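Enquirer: To start, I am sharing the structure in question, which I have written as structure tokens.
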Amino acid sequence: MNEWQWIPEAPDERRITGAACRVREGSGLLTWNWPPGLTFVYLYGYAPDEAPGAGGEADAYASGGLASGRTYPPREKLKLYTREEYKAKGGYSERLDRYGAYAYRIYPAVKQDGAILAYAQEDEGNTALFSMGRAAIRCRVHYRTGWFGKGRTARMTLSAETAVPKEALCYVKKSGGVPEHPGDGTAYPLLSDLHPGDNPLPEIDIGRDDRVRFFFTDGKTYGERYELVHL
């Protein structure tokens, strides 16, 4: 038997239930109900838009002795947590130094014949979501008009409280008014990720009647993590 093996389904007597979380003063406390006889679990933290086990880092079932081809989180991203630790601390506590939503999944596990058997339970009973507020992205657009030209220049700066991937934002140019949504004009992607602090963007030449505004490329995904503030 391998030293580690994923088991596709958790039997009723091994299932985690009642996973919940609360946030207080920058720290999160994760709690759950332990089934009788279970002495340790594995914790996996992930952004809610990243399904556990997604991507090339995931361990395939085949690597655990099964051949279904399904994937689960890599072992190096799982945190062992014992029942004794849980009792001593009243749950699992973590300092929250990130913005947006963050999820935890609690995998029940047992040791059998020298191997770790991790049960691939994936439901509401063993999953909890922390909501830690949104990081502000302040958007500034300054227009400069030449004396004789038919156009003008837009100078744009994004000030971020945390790092932001370039895929999260776009800016939209519209003639005759301010764009109201990403499809209300011509959309342009960002060329680089944002770092914390001021991020000046390259100046662009636009028409005298053109206006520019920033939007999320996916409001549901990025709107949970960030807040756009137009100055």
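The values are calculated or read from the model by the stated rules, or taken from the named source; none is laboratory data. Only a predicted model underlies this, so the values are computations on that prediction, with no experimental measurement involved. When we count neighbours, we look across all protein chains shown, and the Cβ atoms used for this are built from the backbone with ideal geometry, even at glycine. To get the accessible areas, we keep the full protein, side chains included, count just its heavy atoms, and leave off ligands, DNA and RNA. Shrake-Rupley method; radii C 1.70, N 1.55, O 1.52, S 1.80 Å.
Enquirer: How do the strands (runs of 3 or more DSSP E) wholly within the range 114-231 filter down when requiring 3 or more residues that are more than 17 Å from residue 99 (Cβ to Cβ): which remain? Walk me through it before giving the result.
Expert: Values: elements: 115-119, 127-131, 135-145, 151-160, 169-175, 186-189, 197-200, 204-207, 210-216, 226-230.
It comes to 115-119, 135-145, 151-160, 169-175, 186-189, 204-207, 210-216.
Enquirer: Exactly one of (1) at pLDDT 70 or above; (2) more than 25 Å from residue 132 (Cβ to Cβ); (3) hydrophobic (A, V, I, L, M, F, W, C) is unmet by residue 41. Its number?
Expert: (2)
Enquirer: Can you name the number of the only condition in (1) closer than 30 Å to residue 23 by Cα; (2) open to solvent by 30 Å² or more (accessible area, probe 1.4 Å); (3) touching a strand residue (DSSP E or B) at 6+ places or on another chain (Cβ under 6 Å); (4) not charged (D, E, K, R) that residue 163 fails?
Expert: (3)
Enquirer: Quick one: would you say residue 107 is of a type in the set (Phe, Trp, Tyr), closer than 30 Å to residue 34 by Cβ and modelled with pLDDT of 95 or more?
Expert: Working: of a type in the set (Phe, Trp, Tyr): yes; closer than 30 Å to residue 34 by Cβ: yes; modelled with pLDDT of 95 or more: yes.
Yes; evaluated as a whole, the condition is true for this residue.
Enquirer: Identify all residues within the range 21-32 that are crowded, with 20+ Cβ neighbours inside 10 Å and at pLDDT below 90; write none if there are none.
Expert: Of everything in the range 21-32, just one residue is crowded, with 20+ Cβ neighbours inside 10 Å and at pLDDT below 90, namely 28.
Enquirer: In the range 64-102, how many are within 20 Å of residue 129 (Cβ to Cβ), modelled with pLDDT under 90 and either among the small types (Gly, Ala, Ser) or not in a strand (DSSP E or B) (or both)?
Expert: Within the range 64-102, the first condition is being within 20 Å of residue 129 (Cβ to Cβ), and the residues that meet it are 72-73, 77-79, 81, 86, 90-102.
Add one more test, that the residue is modelled with pLDDT under 90, and what stays is 72-73, 94-102.
Remaining after also requiring either among the small types (Gly, Ala, Ser) or not in a strand (DSSP E or B) (or both): 73, 96-101.
The total comes to 7.
Enquirer: Among the numbered conditions (1) modelled with pLDDT of 95 or more; (2) in a loop (DSSP other than H, G, I, E, B); (3) over 22 Å from residue 112 (Cα atoms), tell me where residue 18 comes up short.
Expert: All conditions are met except number (2).
Enquirer: Only one of (1) touching a strand residue (DSSP E or B) at 6+ places or on another chain (Cβ under 6 Å); (2) under 16 Å from residue 20 (Cβ atoms) fails for residue 119. Which number is that?
Expert: Just one mismatch for residue 119, condition (2).
Enquirer: Hey, among the residues in the range 186-219 that are aromatic (Phe, Trp, Tyr) and touching a Cys at 6+ places or on another chain (Cβ under 7 Å), which one's least open to solvent (accessible area, probe 1.4 Å)?
Expert: 214
Enquirer: Something else about it: Filter the range 71-127 down to residues that are of a type in the set (Gly, Ala, Ser), without any contact (Cβ under 8 Å) to a residue 60 or more places away in the chain and buried (at least 17 other Cβ atoms within 10 Å of the Cβ), then give me how many there are. Before the answer, list the steps.
Expert: Looking only at the range 71-127, we keep the residues that are of a type in the set (Gly, Ala, Ser), and these are 88, 90-91, 93, 100-101, 103, 109, 114-115, 118, 120, 125.
When the remaining residues are screened for being without any contact (Cβ under 8 Å) to a residue 60 or more places away in the chain, the result is 88, 103.
Restricting the remaining residues to those that are buried (at least 17 other Cβ atoms within 10 Å of the Cβ) gives 103.
Within the range 71-127, residues that are of a type in the set (Gly, Ala, Ser), without any contact (Cβ under 8 Å) to a residue 60 or more places away in the chain and buried (at least 17 other Cβ atoms within 10 Å of the Cβ) number 1.
Enquirer: State all residues of the range 128-141 that are at pLDDT below 90 and open to solvent by less than 10 Å² (accessible area, probe 1.4 Å); if no residue qualifies, say none.
Expert: In the first step, residues of the range 128-141 are kept if they are at pLDDT below 90; the result is 129-135.
The answer is 130, 135.
Enquirer: Of (1) loosely packed, with under 11 Cβ neighbours inside 10 Å; (2) at pLDDT 90 or above; (3) part of a loop (DSSP other than H, G, I, E, B), residue 55 satisfies all except one. Which?
Expert: The one condition residue 55 does not meet is (2).
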